[in-house]
Amino acid sequence: MAGLELLYSCVASSITTSQDAVVCFIHWEIVKSGYKCLGTGDEPLHGEKKSELLPAAWNTNKELYTLRYRSNDDKSNLLLKAITVDSSLIFNLMDSATDKVTDLTVSVGDYVNETNLHSFESVYKNIEDLAKRLNSSLLPAVKLEGSVRKETREKFTATQPQPDHDPLCIPTRGSPALYPPHWTDPLNPFSAGRADLDPFSGTAEGMIVDPLRAGFPRSGFDPSSGIPGVLPPGAVPPGARFDPFGAVGRHRAGPDPDHLPRPGYDDMFM
């Protein structure tokens, strides 16, 4: 409860009832939530200044306490009222921006030692339980308002265009490319398909199917040396794409349909 002891010491001389001590504690919890006190009463007065301290004559009326607060960023105002009913205090807290109202009923004797009002070390009891009730019942409106403003700021920041980001640029300016281009040379996007335009480029980035450049293992057959009985040497330029026609070599692999003529025919083509 850092700061509460200093606050209580400042107003200890004016605290005369247990209700005063409870209101002092509630005031400090609101201040901790990001607000400062403006003054007493329902209507603002000229020349009011925000302060963490309780204003003068804050506990003149023991039947009805009325305090006004403003957030540190001046975007929200709160009105706190505490009504004395027998040995209890009924608190009402209204946010003027949203008209949201929360309330809490406190049994004064459960949290204040009436015989030790001027000794901070012994005036409060079960203080952790009271703080827990405040945060769950009375102060959610205060905390919710602050979280909504924070969330709004974060959404606004997230939607602003970043100066170094261009989704249409590859790679992204000012940072390494997350997804590198698929072509081999990123400085020359037209290198894709180079093998189709330049057979001697030594690349394999073509789109035309070439059985001799498909990347599959093959024998050392060189079409430029010629095919006996089919192509003479030099008919195929060195390094040119060549799609073999017929069977390469003198011996065919597999059966020849002419080996099985129809019955009664020596040669079906004669």
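Residues that are of a type in the set (S, T, N, Q), open to solvent by 70 Å² or more (accessible area, probe 1.4 Å) and farther than 29 Å from residue 70 by Cα within the range 88-128 comprise just one, 115.
Quick one: would you say residue 64 is under 17 Å from residue 26 (Cβ atoms), touching a residue at least 40 places away in the same chain (Cβ under 8 Å) and not small (Gly, Ala, Ser)? For residue 64, the condition - under 17 Å from residue 26 (Cβ atoms), touching a residue at least 40 places away in the same chain (Cβ under 8 Å) and not small (Gly, Ala, Ser) - is not met. Checking residue 18 against (1) within 19 Å of residue 135 (Cα to Cα); (2) open to solvent by less than 70 Å² (accessible area, probe 1.4 Å); (3) in contact with a helix residue (DSSP H, G or I) (Cβ under 8 Å, 6 or more places away or on another chain), which test does it fail? The single condition residue 18 does not satisfy is (1). Here the range 43-72 is the region considered, the condition is being loosely packed, with under 15 Cβ neighbours inside 10 Å and hydrophobic (A, V, I, L, M, F, W, C), and the residue that is nearest to residue 87 (Cα to Cα) is 64.
On the given criteria, is residue 158 at pLDDT below 60, in a helix (DSSP H, G or I) and closer than 20 Å to residue 27 by Cβ? Answer is no for this residue.
For the range 67-85, does any single residue satisfy the condition of being of a type in the set (Val, Ile, Thr) and in contact (Cβ under 8 Å) with a residue 60 or more places away in the chain? For the range 67-85, residues of a type in the set (Val, Ile, Thr) and in contact (Cβ under 8 Å) with a residue 60 or more places away in the chain: present. Screening residue 38 on (1) open to solvent by 20 Å² or more (accessible area, probe 1.4 Å); (2) over 12 Å from residue 80 (Cα atoms); (3) not in a loop (DSSP other than H, G, I, E, B) shows it passes everything except condition (2). Taking each residue of the range 120-141 that is in contact (Cβ under 8 Å) with a residue 60 or more places away in the chain and looking for partners that are surrounded by 14 or more Cβ atoms within 10 Å (Cβ to Cβ) and assigned to a helix (DSSP H, G or I) with beta-carbon atoms closer than 6 Å, six or more apart or interchain, yields 120/8; 123/21; 123/116; 134/29.
The values are calculated or read from the model by the stated rules, or taken from the named source; none is laboratory data. Note that the structure is a prediction, hence the values are computed from the model and not measured. Cβ: placed from backbone, ideal geometry, glycine included. Neighbour counts: every protein chain shown. SASA here: full protein model, heavy atoms, side chains in, ligands and nucleic acids out. Shrake-Rupley method; radii C 1.70, N 1.55, O 1.52, S 1.80 Å.
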